[in-house]
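*Asks:* Dropping the structure in here first, questions after.
Bear in mind these aren't lab numbers, they're just calculated from the coordinates by the rules spelled out. Here the structure is a predicted model, which is why all the values come from computation and not from measurement. In this analysis, Cβ positions are derived from the backbone assuming ideal geometry, glycine residues included, and neighbour counts consider all displayed protein chains.
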Amino acid sequence: MSRNFRVLLPMAAAMLVPSQAWAQDEPAPGAAPASTPADDAEKLAKDLANPISSMISLPFQFNVDGGLGESDGVKSTLNVQPVIPVRLGKDWNVIIRTIVPIIHQQDVVEPASSQFGLGDTTQSFFFSPKSGGIIGGVGPAFLYPTGTHRTLGGEKWGAGPTAIVLKQAGRNTIGLLANHIWSVAGDDSRSDISSTFIQPFVSHTTSTAMTISLASETTYDWKADQWTVPIILSGAQLTHIGKQPISVGAGLRYYVEKPENGPEWGFRLITTFLFK
C-alpha cells in the first residue's frame, strides 16, 4: 500500500467514526431532550436532497473506482464540495457549488505506478428563484486547472452553461442537473475539452431522516465520442453531533457504459456538515 493511499484511507474511515459515537451519545438522566425534533431532522434531510437548497453545506465525498487500465488499477478521489447560497434581493439566490478533488491512483497510468495530488476544480453558479413549485436554477460553470500532476488534470481552463430542475413532493425528490464545459485556454499541447455532464436523480426521505437515492453521473466526451454511465444506489442518515447536524452515507456504483480501460465498479462514502 503506497504512502499516499494511506493518507486518503484514514480520511475516508474517519467519515464513519462519528456513527459509533452517535449510538453512544445518549442524554444524561434528567437532561433536556435533543434540541432538534425528528421532524426538523426530516426537513433537513429533505433539504439536503436538493442540490441548490438555501442552506450552507460541506460534503466530503470519498469515491473508489476499480478495474482501471490494463492492470486493474484503483483510483481514489476525495471530493471536497462546499455549497454556499448567496441572497440576491428578496426573490433570488445564487448557489455556489465547488468541487475540489484530491486524488490517489495506483496502477492506472501504467503498472507499478502511482500518482497523488489535486485534480481540476469545477465551480458552478446557479441563479435560482426562492419560490415556485418546481425548483430550478441556471448559470455558468467553470473549470480551473488545479491539477498538480499531468495525469490528474487536463491543464485547461474551461467554461460553459449549467442548469438544474427538480420537484419535491412529500418525501420524494426527482430532478436533473446538467452542464457542458468547453476548454477556453491552457496548455496547447493538451487535448481540448468538450464534455457534457448529466445527473438525473430520484430520492426518498423517510420519517427517520434517512434518504435513499438512485442517480447517475453520466458524462459524454464529444472529442472522444465516448459515454461514461455509472448507476449509483446510495443511502444517507441525518443525525447530530451535539447541535451540529451531519449526514453520513454510503453507496455502490456500477458502470453500464465506460471507455476502454475505464472503471468497472466503485463505491462511495460521504459525510456532509450542514449549517442552517
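*Asks:* For the stretch 197-261, what's the radius of gyration and Dmax over Cα atoms, in angstrom?
*Replies:* Final numbers for Rg and Dmax: 15.7, 50 Å.
*Asks:* Taking θ = phi - 60°, what integer Hz values does the Karplus form 6.51 cos²θ - 1.76 cosθ + 1.60 yield along the stretch 92-102, in sequence order, with x for Gly and Pro?
*Replies:* 9, 10, 10, 9, 9, 10, 10, 10, 10, x, 10
*Asks:* Continuing with this model, one more query. Angle check, please: helix 3-14 long axis (alpha carbons) against the longest principal axis of the chain (alpha carbons), in degrees 0 to 90, nearest 10.
*Replies:* Relative to the chain, helix 3-14 is tipped by roughly 20 degrees.
*Asks:* Moving to a separate point now. Could you put 166, 176 in order, starting from the residue whose Cβ has the fewest other Cβ atoms within 10 Å?
*Replies:* 176, 166
*Asks:* What shape does the chain take by its C-alpha gyration tensor, where a ≥ b ≥ c are the square roots of the eigenvalues and a/c under 1.5 counts as rounded, a/b above b/c as prolate, and the rest as oblate?
*Replies:* Cα axes put the chain in the oblate bin.
*Asks:* Quick one: which residues, 5 or more positions from residue 92 or on another chain, have an amide H under 5 Å from its amide H? H modelled 1.01 Å from N in the peptide plane, none for Pro or chain starts.
*Replies:* Result for residue 92 returns 130.
*Asks:* What list of ³J(HN,Hα) values in whole Hz, one per residue of the stretch 116-125 in order, does the Karplus curve 6.51 cos²θ - 1.76 cosθ + 1.60 (θ = phi - 60°) give from phi, with Gly and Pro shown as x?
*Replies:* 9, x, 7, x, 6, 8, 10, 10, 10, 10
*Asks:* Going by how many other Cβ atoms sit within 10 Å of their own, how do 156, 243 line up, fewest first?
*Replies:* Placing the least packed residue first, the sequence is 243, 156.
*Asks:* Please list, by residue number, every one of the chymotrypsin sites (Phe, Trp or Tyr not before Pro) in the stretch 183-222 that is coil in DSSP and has at most 14 other beta-carbon atoms within 10 Å.
*Replies:* Sparse-neighbourhood loop chymotrypsin sites (Phe, Trp or Tyr not before Pro): 222.
*Asks:* Here is a follow-up. Between residue 146 and residue 134, what is the spin-label point distance in nm, taking each point 7 Å from the Cα along the Cα→C-beta axis?
*Replies:* 3.4
*Asks:* Right, next: Using each residue's phi in the stretch 234-251, evaluate 6.51 cos²θ - 1.76 cosθ + 1.60 at θ = phi - 60° and report the 3J(HN,Hα) Karplus result to the nearest Hz, with x for Gly and Pro.
*Replies:* 9, x, 9, 10, 8, 8, 9, 10, x, 9, 7, x, 8, 10, 10, x, 8, x
*Asks:* Next up: Just rank 58, 68, fewest to most, by other beta-carbon atoms within 10 angstrom.
*Replies:* Arranged by neighbour count, lowest to highest, 58, 68 become 58, 68.
*Asks:* Give the value in nm², to one decimal: projected area of the alpha carbon convex hull of the stretch 154-263, averaged over all directions.
*Replies:* Reported value for the Cα convex hull: 9.4 nm².
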